[in-house]
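Read-outs: derived from the displayed coordinates by stated rules, not from any lab. Please read these numbers as outputs of a predicted model, since none were measured by experiment. All Cβ positions, glycine included, derive from the backbone under ideal geometry; neighbour counts span all protein chains shown.
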Amino acid sequence: MSTVAASSNARRIGRGFAGAFLLAAIWELSVRGFNLPTYVLPSVSSILAGMVADAGKLAAAARFTAAEALTGYLLGCVIGIAAAVGVSMVPRTRSAVMSVATAINSVPVVAYSPLVLLWLGIGMTSKIVMVAVAVSFTVFLSTVAGLDRVDRKSIDLVRSFGAGRMAVLWRLRLPTALPLIIAGMRVSTVRSVIVAIVTEMLGAYGGLGWVIYQAVLQIDFVQVWAAIIVASAISLCFFGVISFIEQRYIFWR
Amino acid sequence: MSLSGLSGASLSAVKAGRFVSILKSLIWIAAFLLVVELIVVALGIRPYYLPRPSAIAAAFLATPQAYLLSMWRTLLETIIGFVAGSLFGVAMGVLFHRWTILRELFFPLFVVSQTIPVIAFGAVVVLWFGNTLFAKAVIAFYISFLPVTVNALLGFATVDPRQVALMRSFGAKEGQILRRLYLPAALPQIFVALKLASSLSLIGAIVGEWFGDTTGLGVLLLQAMYNENVVGIWVTIVASACLGIGLYGAVSEAERRIVFWGAEQ
Amino acid sequence: MLKKRHLLAALAATFVGIQGLGYSATPVAAQQTVNASLRLKWLTQAQFAGFYVALEKGYYKDEGINLTINPGGPNLLTENLVATGADTFGLSGGTDSVFSARDKGLPIVCIGVAHQVTPFVFVTYKDGPVKTVQDFKGKKVTAWFTGANHVLSAMLAKAGIKAGEVDVQPQQVSMTPFIDKQVDVATATRYNELQIVAQRVGMDNLRIFVPEDSGVSFPRDTLIVSEQTAKEKPELVEKFLRASIKGWKYALTNEKEAIDIVMKVAPTLDRAQQAVMLSEIKKLMVAGKGGTDGLFAIDKAAVGSANSLLAEYKVISKPVDLDAAFNDSFLSKIAVAEKRL
């Protein structure tokens, strides 16, 4: 059983790389074939060379951004899940909390960034808060949907055995909701990195967004792309880790 | 006769109930704003940290047409991007579900595509799509489709393979199985994603307007931000919140009508 | 009812606006009219009043140009859009971005310089510890890392201060950290940030350090075209310059009307702020050669000093060929009387 799972995993990873390789090949060939100048689209090979040349700078920036994204992400997940559980425990608050959360989330995070930068400065705190805001809503929404999935009959059944609210939540609601919660968490991994980067572009002491901002101003497109590829790699790793956890969970179930 | 009369009566009762609840929330909002106003005045909070709600309202009323025009423009971009993103998202979900090889080759690239901050590519967007409303809708589309695909796949996975086999044995075609079995099963999940996608496409439209434009909430936001016009930032925040709530409400309403089997259990 | 009509008018205007966007597709009545676009470095504001005035007054039409003005935005590089042909003309960052673009091989040429002197200054509080550039030593200074940081480095070097002796931090969007006295010295453009700060703390409480006083000059707001346009359509470039200068002369002599025109495009702007902006822009544009040779004059000496400054700080790999990067042949075809205010 486990060897089958492992081999199918290996196949999937192999195909994932095959897809990426295909894209890179098309990219490289079209840049060379159409003789595109660097300021339109740099070739994959020149970006890779740029990444090697700037490895130290990029690694430092990547650590900076990853720290912000991860801290904000964890914070956001905790807030999102806690709020959803709270809402489902106290149904009366539901419509109020939902509308406030929707209102806050409807405003693009970028709209808050000037305010958050104003309130918290251009250090790491402002990025962590921005990421947490962005992540918490996504997780909140999926958790609420997941908790709603439990059907009334199962709850009545468990209740009839004398289970309290907490027991229903812990034994029935959360396990049923888990696939959706994790799906929400998986989608927000990517968003957390982007929000950190975009906020960095508006003011920061370091990080990939800062590198991109500087590179655009110095018209160094190879560096822009190099930073973007590093950002993608971080998001992808992050996404992979959560997917792995998700798979393990489903397998266990 | 009597049946239709009954349902009509209950319908109007429902309507009245909703009207009351809307009125209630309006009163709550008014009370909240009043409290904020009082707190700001009482504590003497400086306007560039938090302006008074009345100052924000006054700023809107000074040039209502400019704000309404921008809201309308942003709304159009958002809706085009959202509809395109939702359809594409579901279509990709179907393709990826049907052909595992496609999924394994390209799904990781889809994820990668979402890790690219569009804002870094202003020039590329302008080069490819020009300075049109369409260019902004493309960005709204681009950042909104992935959650739909992810959740559609998740929803399809919940379908019991035995049911599929059963339908096949009755000679059902692929299209019928999709319409009758897969889509109904996945709709509740898809709607969760659609709610997310509605706010994501709004973000896409606003960020898209940063690539050189004259109208739109994104433009107003940037302008206010760099002129340190905090009141202006707040007017724009409120305006985008209104659009976002409207869209979210519309999607939820659609969900209530379409997915009557999934919700409210 | 009235409100409804407003909304309808707004909606109608939007539709018209959307249709207007397909500018290249609409057939032009006059046969000699050429379509062209101007990409600004930022959103519509008084800083670009002259171009909007020229458009509104039909000066571009008179020269046979059907011009579209495209605003800029963050991370939108004017040089890039002009080099790729997405826009015909550009009002780009300044000498710094022109040099960086040339250094990276982007085929663009500067055909005129708007701000004859450095448009930004360094500010501190009069009652604070910083009285001279020497006093920057050991203090916290914020600067935009978009060129202002190099101007600062040059000023410090001329005052005998070594790199590392001053805590230079990247400056964020807002001036609030300076207003809250979290930093000792901040960077401010004369036409925007300086006015914002002055509005909050009063101009009398501020001490200003001008780069030119330290012998550093950094002219900004450059008009650019692609090398291809410069070579193949020199008459278009000349006509565009003539109409733009006419617009700017009108704007700088009829400031109130110019602000009206800008406010019509961007009604949410603060009128008073825009009026001050335009009067400050005027000072920058008529300073030095702008006063003697006329608007958009290219002061090779000032441009050359920026060139060597950027090369010294390794922003560009080597000094750029000035005559290839700055082409004043189009300007010189326009009579000085036409250009001088």
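Enter the mean number of other protein chain beta carbons within 10 Å of the beta carbon of each residue in B:202-210, as an integer. Kindly include the intermediate steps, with their values, before the conclusion.
Values: counts 4, 11, 1, 1, 4, 6, 1, 2, 8.
Across the residues of B:202-210, the mean count of other-chain Cβ atoms within 10 Å is 4.
In a shell of Cβ-Cβ distance under 13 Å around C:A243, excluding C:A243 itself, what net charge do Lys and Arg (+1) and Asp and Glu (-1) give? Could you put the intermediate results ahead of the total?
Values: positive: C:K57, C:K61, C:K239, C:R242, C:K246, C:K249, C:K339; negative: C:E56, C:D62, C:E63, C:E235, C:E238, C:E338.
Result for the neighbourhood of C:A243: +1.
Taking θ = phi - 60°, what integer Hz values does the Karplus form 6.51 cos²θ - 1.76 cosθ + 1.60 yield along the range C:35-51, in sequence order, with x for Gly and Pro?
7, 8, 10, 10, 9, 7, 7, 7, 5, 3, 6, 4, 4, 10, 3, x, 5
Taking the mean number of other Cβ atoms within 10 Å as a proxy for protection, how do you rank B:74-80, C:230-236, C:122-128, C:220-226 from highest to lowest?
Working: B:74-80: 23.3, C:230-236: 15.0, C:122-128: 17.3, C:220-226: 26.7.
Top to bottom by mean Cβ count within 10 Å: C:220-226, B:74-80, C:122-128, C:230-236.
What residues have an amide H closer than 5 Å to that of C:N35, excluding those fewer than 5 places away on the same chain, when H is modeled at 1.01 Å from N in the peptide plane?
Amide H neighbours of C:N35: C:N66.
How much length, in nm to one decimal, is gained on full extension between A:R63 and A:K153, taken as 0.36 nm per residue of separation minus their Cα-Cα distance? Walk me through the numbers before you get to the answer.
On the way: separation 90, 0.36 × 90 = 32.40 nm, distance 4.88 nm.
That works out to 27.5 nm of additional length.
For the residue pair C:A272 and C:T292, what label-to-label distance in nm results when each label sits 7 Å from Cα along the Cα-to-beta-carbon direction?
3.9
What fraction of the Cα pairs in the range A:122-253, stated in percent, has a spacing above 24 angstrom?
Numbers: 4065 of 8646 pairs.
Pairs farther apart than 24 Å: 47 percent.
What list of ³J(HN,Hα) couplings, whole Hz, do you get for the range A:233-246 from phi and the Karplus terms 6.51, -1.76, 1.60, once you set θ to phi - 60° and write x for glycine and proline?
For the range A:233-246, the Karplus-derived couplings read 4, 4, 4, 5, 4, 4, 4, x, 4, 5, 4, 4, 4, 4 Hz, x marking Gly and Pro.
What does the charge dipole of chain C about its Cα centre add up to, to the nearest 20 debye, if the Cβ of each Lys and Arg holds +1 and the Cβ of each Asp and Glu holds -1?
Values: 39 positive and 34 negative charges, 126 e Å.
Magnitude of the dipole: close to 600 debye.
Can you report the principal axis dimensions of the range A:100-159 using only the alpha carbons, biggest first, rounded to whole angstrom?
That gives 53, 20, 13 Å along the principal axes, largest extent first.
Ordered by residue, what ³J(HN,Hα) values in Hz, to whole numbers, does the range C:168-174 give under the Karplus form 6.51 cos²θ - 1.76 cosθ + 1.60, where θ = phi - 60° and Gly and Pro are x?
Those phi angles translate into 9, 10, x, 8, 8, 4, 8 Hz.
Where the convex hull is taken over the Cα atoms of the protein assembly as shown, what is its projected area averaged over directions, in nm²? Walk me through the intermediate numbers first.
Details: hull surface 171.8 nm².
Quarter of the Cα hull surface area: 42.9 nm².
Once you compute Rg and the Kirkwood Rh from C-alpha atoms, what is the Rg to Rh ratio for the range B:51-258? Please report the intermediate quantities before stating the final value.
On the way: Rg = 20.2 Å, Rh = 18.7 Å.
Expressed as Rg/Rh, it is 1.08.
Counting only Cα atoms, I'd like the Rg/Rh figure for the range B:170-257, Kirkwood definition for Rh.
On the way: Rg = 19.2 Å, Rh = 15.5 Å.
Rg/Rh for the range B:170-257 comes to 1.24.
Mind grabbing the base-10 log of I(q)/I(0) for the range C:225-275 at q = 0.14, 0.23, 0.29, 0.32 Å⁻¹? Debye formula, identical points on the C-alpha positions, no solvent, two decimal places.
-0.53, -0.80, -1.00, -1.12
Given a cut-off of under 8 Å on Cα pairs at least six residues apart, what relative contact order in percent is computed for chain C?
Values: 596 pairs, mean separation 90.9, N = 341.
Taking the mean separation of contacting Cα pairs over the length of chain C, I get 27 percent.
On average, how many beta carbons from a partner chain sit within 10 Å of the beta carbon of a residue in B:233-242?
Working: counts 6, 2, 1, 4, 9, 2, 2, 6, 7, 3.
The shielding value for this peptide is 4.
I need to check one value: relative contact order of chain A, counting alpha carbon pairs closer than 8 Å and at least 6 residues apart, in percent. All intermediate terms of the calculation are to be shown ahead of the outcome.
Values: 272 pairs, mean separation 63.8, N = 253.
Relative contact order here is 25 percent.
Put +1 on the Cβ of every Lys and Arg and -1 on every Asp and Glu Cβ in chain C; which of C:L269, C:L309, C:G294 then has its Cα farthest towards the positive end of the dipole?
Highest projection toward the positive end goes to C:L269.
Please report, to one decimal in angstroms, the Kirkwood hydrodynamic radius of the range C:158-301 built from all distinct Cα-Cα pairs.
Values: mean 1/r = 0.0543 Å⁻¹.
So the Kirkwood estimate lands at 18.4 Å.
So which residue, out of B:S86, B:S25, B:S54, gets the largest mean-square fluctuation from a GNM of chain B using Cα contacts under 10 Å as springs?
Per the Cα network of chain B with a 10 Å cutoff, B:S25 tops the list.
Would you please name the chymotrypsin sites (Phe, Trp or Tyr not before Pro) within the range B:167-205 that are DSSP coil residues with at most 10 other C-beta atoms within 10 Å of their C-beta? Write down the numbers at each step before the final one.
Numbers: sites: B:F170, B:Y182, B:F191; in loops: B:F170.
For chymotrypsin sites (Phe, Trp or Tyr not before Pro) across the range B:167-205 that sit outside H, G, I, E and B with at most 10 neighbouring Cβ atoms in 10 Å, the list reads B:F170.
Could you give the alpha-carbon Rg of chain C over 2.2 N^0.38 Å, rounded to two decimals? Write out the running numbers ahead of the final one.
Working: Rg = 21.0 Å, N = 341, 2.2 N^0.38 = 20.2 Å.
Cα Rg divided by the expected 2.2 N^0.38 Å: 1.04.
What are the radius of gyration and Dmax of chain A, computed over its Cα atoms and given in Å?
21.9, 74
In whole percent, what relative contact order does the range B:51-258 give with Cα contacts below 8 Å and a gap of six or more residues? Present the calculation step by step, with values, prior to reporting the outcome.
On the way: 248 pairs, mean separation 65.1, N = 208.
Normalised by residue count, the contact order of the range B:51-258 is 31 percent.
What net charge is computed for the residues neighbouring A:W210, neighbours being all others with C-beta under 14 Å from the C-beta of A:W210, Lys and Arg scored +1, Asp and Glu -1? It would help to have the intermediate numbers written out before the result.
Numbers: positive: A:K57, A:R63, A:K127; negative: A:D54, A:E68, A:E200, A:D220.
Around A:W210, the charge tally is -1.
Picking from C:G202, C:G58, C:G291, which is most flexible by a Gaussian network model of chain C using Cα springs under 10 Å?
The residue with the greatest mean-square fluctuation here is C:G202.
Take the alpha-carbon centre of the range B:164-218, take the same for the range B:21-36, and report the distance between them in whole Å.
Centre-to-centre distance over Cα atoms comes out at 33 Å.
Among C:Q199, C:Q116, C:Q274, which one shows the highest mean-square fluctuation when chain C is modelled as a Gaussian network with alpha-carbon springs under 10 Å?
Result: C:Q199 has the largest fluctuation of those listed.
Hey, if you put +1 on the Cβ of every Lys and Arg and -1 on every Asp and Glu Cβ in chain A, which of A:S235, A:V90, A:G14 ends up farthest toward the positive end of that dipole?
In chain A, that residue is A:V90.
Return, ordered by residue number, the residues of the range C:178-215 whose backbone nitrogen is under 12 Å from a label point located 7 Å along Cα→Cβ of C:D127.
C:205-206
If you take the square roots of the eigenvalues of the alpha-carbon gyration tensor of the range B:183-233 and sort them as a ≥ b ≥ c, do you get rounded (a/c under 1.5), prolate (a/b over b/c) or oblate?
Numbers: a/c = 5.80, a/b = 3.00, b/c = 1.93.
Prolate, since a/c reaches 1.5 and a/b exceeds b/c.
Hey, any idea what the orientation-averaged projected area of the convex hull of the range C:84-169's Cα atoms comes to, in nm²?
Working: hull surface 29.5 nm².
Approximately 7.4 nm², given one-decimal rounding.
Loop-only check: which chymotrypsin sites (Phe, Trp or Tyr not before Pro) in the range B:45-90 are DSSP coil with at most 13 other Cβ within 10 angstrom?
Values: sites: B:Y48, B:Y49, B:F60, B:Y67, B:W72, B:F82, B:F88; in loops: B:Y48, B:Y49.
Those that pass, being in a loop and sparsely packed, are B:Y49.
So what's the Cα pair-distance distribution over the range C:120-214, bin width 5 Å, in %?
Result returned by the calculation: 3, 14, 29, 29, 18, 7, 1.
If you take the beta carbon distance between B:S25 and A:M89 as r and set R0 to 22 Å, what does 1/(1 + (r/R0)^6) give as a FRET efficiency, to the nearest 0.05?
Details: r = 22 Å, r/R0 = 0.99.
So the FRET efficiency works out to roughly 0.50.
Specify which residue in the list B:Q163, A:S45, A:V195 is farthest towards the positive end of the charge dipole of the protein assembly as shown, using unit charges on the beta carbon of Lys, Arg (+1) and Asp, Glu (-1), about the Cα centre.
B:Q163
Which distance in nm do the two modelled labels at A:A55 and C:D180 give, with both placed 7 Å along the Cα-to-Cβ direction?
Distance between the two pseudo-spin positions: 4.1 nm.
At a Förster distance of 60 Å, what's the computed FRET efficiency of A:V40 paired with B:R18, Cβ-Cβ distance as r, to 0.05?
E(calc), rounded to 0.05, equals 0.65.
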